[in-house]
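> Provided herewith is a single structure, encoded as structure tokens, for subsequent inquiry.
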Amino acid sequence: NKGKYEHYMQKEIHEQPESLTTTMRGRLIRGGSCKAKTVLLGGLKDHLKTIRRSRRIVFIGCGTSYNAALAARPILEELSGIPVTMEIASDLLDRQGPIYREDTAVFVSQSGETADTLNALEYALENGALCVGITNTVGSAIARNTHCGVHINAGCEIGVASTKAYTSQIVVMAMLAIAIGADAISNQERREAIIDGLFDLPNKVREVLKLDQEMKDLAKLLIAEQSLLMFGRGYNYATALEAALKVKEVALMHSEGILAGEMKHGPLALVDENLPILVIATRDGCFSKQQSVIQQLHARKGRLVVMCSKGDAASVSVGGSSRVFEVPQVEDCLQPVVNIVPLQLLAYHLTVLRGFNVDQPRNLAKSVTTE
Ligand code: UD1
Ligand code: M6R
């Protein structure tokens, strides 16, 4: 049932304040006056000690689920102190990459039925790793075959393009980071700040959804383009990859997510006055580096669209030539949840304006059950 919406993707983008609330329900504990704020993940509480003892945490997934894990990687590294590595499921299998008994392997999948991810799970089980699932589908193969896990509870996702599952996956992995790090006094303040940020996140997403019309106007400007680059770094490298994936798969436009730190190692050669480039430059530890990236792109006459935090428009628009839009600022590790929303809207409007099928893009299936 699409309710008042024209497409499932549109509905699922707009219901994110609610899906995020459901994802967090019963899992965030804000104690009384002297009781600390904590996270309770029922499916993991008996396994946290084992996870803390592991030598490495390895995230395994495909497509959007991989991107969600990439967005959560920095906060997991920070709060757990454990090395976190990333694997695209098919690539791990192609290489038969090393997985050890001392590893915690985290399988991220909306459907819980993706063949590549399932095969990687079987492989990790054979190699003796602790296998943790993060999935949206109760009773799915990944939920059943992992040792333990967390359901993201985002509600049924029907559009082939994953939207609300992505933001709920990031939130679950941020909660996972807090749960794993909960035995360290040293980062208690940081954990509590993130928990406060999580409580307020649905409101911030509600606020950023108001950019709908602005994203539609932007889509009108980009409708006939051949290609769109997305520059991000740090917490928002994943945002760039995920935004590009959305534009590719539904709007059928070439798009590439680029790690801004790699700009001078190749991509800069593409920059001219014609190719549109979207730069994510919200406030975090990388902001000043991203400002200098904007200046360098501008010096090459790049056609820029910049996403920045509220009040920063003047600090990111060099010479007033780029198009800028502002998003609400949240705790740095949660910013990817806010930042992807306008880009989901952009991909959605581009698709509708270009006349393509939003919910069933050509050649794709919601759940990829073959290798
Ligand atoms: C569980 C109940 C929820 C109830 C809550 C009350 C289920 C599915 N969930 O939620 O309805 O409101 O208790 O305390 O009955 N698991 C995996 N792999 C996965 C995902 C989950 O093994 O990929 C396992 C977990 O380790 C856990 C079980 O499935 O044993 C349920 O996980 P989850 O729904 O996340 O647990 P709770 O949030 O505690
Ligand atoms: O169900 P999963 O999360 O395992 O699916 C993984 C990918 O197939 C999926 O995210 C795909 O990339 C989406 N269509 C992206 O929107």
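> Please report the antiparallel percentage of DSSP beta bridges with both residues in segment 191-305, rounded to the nearest 5.
0 percent
> Quick check: from the Cα gyration tensor, does segment 1-56 come out rounded (a/c under 1.5), prolate or oblate?
Judged from the Cα gyration tensor, segment 1-56 comes out oblate (a/c at least 1.5, b/c at or above a/b).
> On a full-extension model of 0.36 nm per residue, what is the gain between R101 and T21, subtracting their alpha-carbon distance, rounded to one decimal in nm? Write out the running numbers ahead of the final one.
Values: separation 80, 0.36 × 80 = 28.80 nm, distance 3.52 nm.
So the chain would gain 25.3 nm between R101 and T21.
> So with the 1.4 Å probe, I'd like the accessible area per residue for segment 1-118, rounded to whole Å².
Counting only protein heavy atoms, the per-residue value for segment 1-118 is 46 Å².
> Let me ask something else. Could you tell me what % of all Cα pairs in segment 223-340 have separations over 23 Å?
Roughly 22 percent, once rounded to a whole number.
> Now a separate question. Over what distance in Å are the Cα centres of segment 215-236 and segment 111-145 separated?
Distance between centres, Cα-based: 34 Å.
> Would you give the gap between the C-alpha center of segment 253-304 and the C-alpha center of segment 153-175, rounded to a whole Å?
28 Å
> Restrict the search to segment 302-371; then list the trypsin sites (Lys or Arg not before Pro) that DSSP places in a loop and that have at most 13 other Cβ atoms within 10 Å of their Cβ.
Loop-located and lightly packed - K310, R362.
> Considering only the other residues whose Cβ falls under 10 Å of the Cβ of S255, what net charge follows from Lys and Arg at +1 and Asp and Glu at -1?
Summing Lys and Arg as +1 and Asp and Glu as -1 gives -1.
> Less than 19 Å apart at the alpha-carbon level, and either on another chain or at least 8 residues along: which lysines does that give for K264?
In chain and number order, the partners are K289, K301.
> Placing unit charges on C-beta atoms (Lys and Arg positive, Asp and Glu negative, everything else neutral), compute the dipole magnitude of segment 199-263 about its Cα centre in debye, rounded to 20.
120 debye
> Output the pairs from K11/K35; K4/K246; K2/K35; K45/K204; K220/K310; K37/K310 with a Cα-Cα distance over 32 Å in this structure; if there are none, say none.
Going by Cα-Cα distance, K11/K35; K2/K35 fall outside the 32 Å limit.
> Within segment 269-310, what whole-number % of the accessible surface is contributed by carbon and sulfur, with the 1.4 Å probe and all protein chains included in the calculation?
Answer for segment 269-310: carbon and sulfur cover 49 percent of the accessible area.
> Return a whole-number percent for the relative contact order of segment 10-73, with Cα pairs under 8 Å and 6 or more residues apart as the contact set. Don't skip to the end; give the middle numbers.
Working: 22 pairs, mean separation 9.7, N = 64.
Reported as a whole number, the value is 15 percent.
> In debye, nearest 20, what is the charge dipole magnitude of the chain about its Cα centre with +1 on Lys and Arg Cβ and -1 on Asp and Glu Cβ, if you could check?
Computed about the Cα centre, the dipole is about 540 debye.
> What is the percent carbon and sulfur in the accessible area of segment 39-197, measuring with a 1.4 Å probe over the protein chains and ignoring ligands? Display every interim value, and only then the final one.
Working: 2810 of 5740 Å².
The value for segment 39-197 is 49 percent carbon and sulfur by accessible area.
> Tell me, what does the Kirkwood hydrodynamic radius of the chain come to in angstroms if you use every pair of distinct C-alpha atoms?
On the way: mean 1/r = 0.0479 Å⁻¹.
Every distinct Cα pair counted, the radius reaches 20.9 Å.
> Another question about this same structure. Show me the trypsin sites (Lys or Arg not before Pro) within segment 1-103 that DSSP assigns to loop and that have at most 10 other Cβ atoms within 10 Å of their Cβ.
K4, R25, K35, R101
> Which percentage, to the nearest 5, of the DSSP beta bridges contained in the chain is antiparallel?
5 percent
> At 7 Å along Cα-to-Cβ for each site, give me the label-to-label distance between D196 and V138 in nm.
With each label placed 7 Å out from Cα toward Cβ, I get 3.4 nm.
> Sum -39500 (n - 2.57) across every DSSP H segment of at least 4 residues in the chain, then divide by the residue count to get the 222 nm mean residue ellipticity, nearest 500.
Mean residue ellipticity at 222 nm (helix-derived): -14000 deg cm²/dmol.
> Starting from the Cα of R362, step 7 Å toward the Cβ, then list every residue of segment 229-255 with an amide N under 20 Å from that point.
Answer for segment 229-255: 245-255.
> With a 1.4 Å probe and every protein chain left in place, work out the accessible area per residue of segment 290-371 in Å², rounded to a whole number.
Result: 42 Å² per residue.
> Relative contact order of segment 236-287, please, whole-number percent, based on alpha carbon pairs below 8 angstrom and at least 6 residues apart.
Reported as a whole number, the value is 30 percent.
> P(r) tail for segment 312-371, what percent of Cα pairs lie past 16 Å?
The proportion of pairs with Cα distances above 16 Å equals 67 percent.
> Along the charge dipole of the chain, pointing to its positive end and built from +1/-1 on Cβ of Lys, Arg, Asp and Glu, which listed residue (L40, V138, S168) has its Cα farthest out?
Going by the charge dipole, the pick is L40.
> A further question follows. Once you list every other residue whose beta carbon is under 11 Å from the beta carbon of I158, what net charge do they have if Lys and Arg are +1 and Asp and Glu are -1?
Net local charge, I158 excluded: +1.
> What are the DSSP H helices in the chain that stretch 24 Å or more along their long axis, judged by alpha-carbon atoms, and whose average Kyte-Doolittle hydropathy comes to at least 0.0?
63-80, 164-181, 335-354
The values are calculated or read from the model by the stated rules, or taken from the named source; none is laboratory data. Bear in mind the structure is a predicted one, so any value in this text is a computation, not a measurement. Because the Cβ atoms are built from the backbone with ideal geometry, glycine has one as well, and the counts that use them run over all protein chains shown. When the accessible area is computed, the model is the full protein with side chains, heavy atoms only, and any ligands, DNA or RNA have been set aside. Shrake-Rupley method; radii C 1.70, N 1.55, O 1.52, S 1.80 Å.
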